[in-house]
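Worksheet: the structure to be examined is printed underneath.
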Amino acid sequence: MNNELEAYISTYFGVVRPKEIKAISDLFQLTSIKKGAYFLKAGKKSERLSFVQSGLLRVFVQTADKEVTQWITTKGQFATDLSSLVFDSPARWDIQALVDTEMYSISKADYEKIGSLIPEWHLLEKLFIVRCFTMMEDRIFSHLSMSAEERYQVFFENNAALFNEVPLQYIASMLGMTPETFSRIRKKIAN
């Protein structure tokens, strides 16, 4: 049993009994992906849910005139296109490793088996989906209610290490600003 994987499961799926955590964690496999390789390509179906053990993944989409970074997935966070995984539809996002990355991955088929292993799985999965939805609501609210400078400051306070690990244009995109605005704010705050 891996304590970190068990912690990820508990974080995202709520309070789970040790026996159930073991049943779930046994379905995960440690996998790795090299820098620059894709975990998932837009248009393909998502076939796995993963928790990042080490490394960084960028979730993004290519529009007609630019790439838009939706999220940078770090240690302890999950990676998939949830809509694709759940609804068996083509993925909307590309997910690419920014550095060599290790993940605990569960196949869609094994994920679907959890319900037969754990009677109250539907409640635990609901907590997982609600957690995902709440994170999305928080991001939308920050984009609607905060200035670009406030979004920068909040993100920096919670993710300072990323500023040394990720190309800054990805962070700017994720925060909904141009690289020029991001640079201007960064200089202003540094002074």
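Coordinate-derived values only; no laboratory data. Since the structure is predicted, the reported quantities are computational estimates derived from the model, not experimental observations. For neighbour counting, all protein chains shown are included, and Cβ atoms are generated from backbone atoms with ideal geometry for every residue, glycine included.
Considering Cα pairs under 8 angstrom that are at least six residues apart, work out the relative contact order of the chain and quote it in whole percent.
24
For segment 80-151, which GluC sites (Glu not before Pro) pass both filters: DSSP loop (anything but H, G, I, E, B) and at most 13 other C-beta atoms within 10 Å?
Counting only loop positions with at most 13 other Cβ atoms within 10 Å, the GluC sites (Glu not before Pro) in segment 80-151 are E120.
So what is the diffusion coefficient of segment 23-64 in µm² per second by Stokes-Einstein at 37 °C and 0.692 mPa s, using a Kirkwood Rh over Cα pairs?
Once the numbers are plugged in, D ends up at 261 µm²/s.
When we measure straight from the Cα of K19, which lysines land under 24 angstrom away, once same-chain ones fewer than 8 places off are left out?
Correct list for K19: K108, K113, K126.
P(r) for the chain: what percent of alpha-carbon pairs falls in each 10 Å bin, starting at zero?
9, 33, 35, 18, 5, 0
Among the complete DSSP H segments of the chain, which ones combine at least 18 Å of alpha-carbon extent along their axis with a mean Kyte-Doolittle hydropathy of -1.0 or more?
Helices meeting the criterion: 121-145.
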